[in-house]
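The values are calculated or read from the model by the stated rules, or taken from the named source; none is laboratory data. None of these values were measured; they are calculated from a predicted model. Ideal geometry is used to build each Cβ from the backbone, glycine not excepted, and the neighbour counts take in all protein chains shown. Ligands, DNA and RNA are excluded from the accessible area calculation, which covers all protein heavy atoms including side chains. Shrake-Rupley method; radii C 1.70, N 1.55, O 1.52, S 1.80 Å.
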Amino acid sequence: LGLRDRVVLVVGGSGYLGREIARQFAAEGAHVALGGRDRDRLTETAAAVGSDVETVVLDTRDDHSVRSAVDALVAR
């Protein structure tokens, strides 16, 4: 997919589907950010996906939450 060294945000990243999508992106060489509402589940999923994975807590029902999360990722 040409994602090496790109940053991808997987929203809903702590679920089963999000976990597998994150694994595939990581296998492509992307820097993966998992987004979701539950910090503990995100942390657990990030550990299972790999070393170049970060987490960001966000709620897609709240525009401010999403904007803040994306801004934080861009700043990093």
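Kindly provide the set of residues from segment 15-45 that are closer than 17 Å to ALA69 by Cα and touching a Lys or Arg at 6+ places or on another chain (Cβ under 6 Å), ordered by number. None; the set is empty.
Condition first: in contact (Cβ under 8 Å) with a residue 24 or more places away in the chain and part of a strand (DSSP E or B). Now tell me which residues in segment 49-68 satisfy that. Even if it seems obvious, please write down each step before you answer.
Residues of segment 49-68 that are in contact (Cβ under 8 Å) with a residue 24 or more places away in the chain, as a first pass: 49-50, 52-53, 55-56, 58, 60.
Result: VAL53, THR55, VAL56.
Working only within segment 33-54, note down all residues that are among the β-branched types (Val, Ile, Thr) and either open to solvent by 60 Å² or more (accessible area, probe 1.4 Å) or at pLDDT 95 or above (or both). Within segment 33-54, THR43 is the sole residue that qualifies. The condition of being part of a loop (DSSP other than H, G, I, E, B) and surrounded by 15 or more Cβ atoms within 10 Å (Cβ to Cβ) holds for only one of GLY2, GLY13, that being GLY13.
Let's see how each residue does on (1) in contact with a strand residue (DSSP E or B) (Cβ under 7 Å, 6 or more places away or on another chain); (2) assigned to a helix (DSSP H, G or I):
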residue: GLU20; (1), (2): no, yes
residue: PHE25; (1), (2): yes, yes
residue: GLY29; (1), (2): no, no
residue: GLY35; (1), (2): yes, no
residue: ALA47; (1), (2): no, yes
residue: ASP71; (1), (2): no, yes
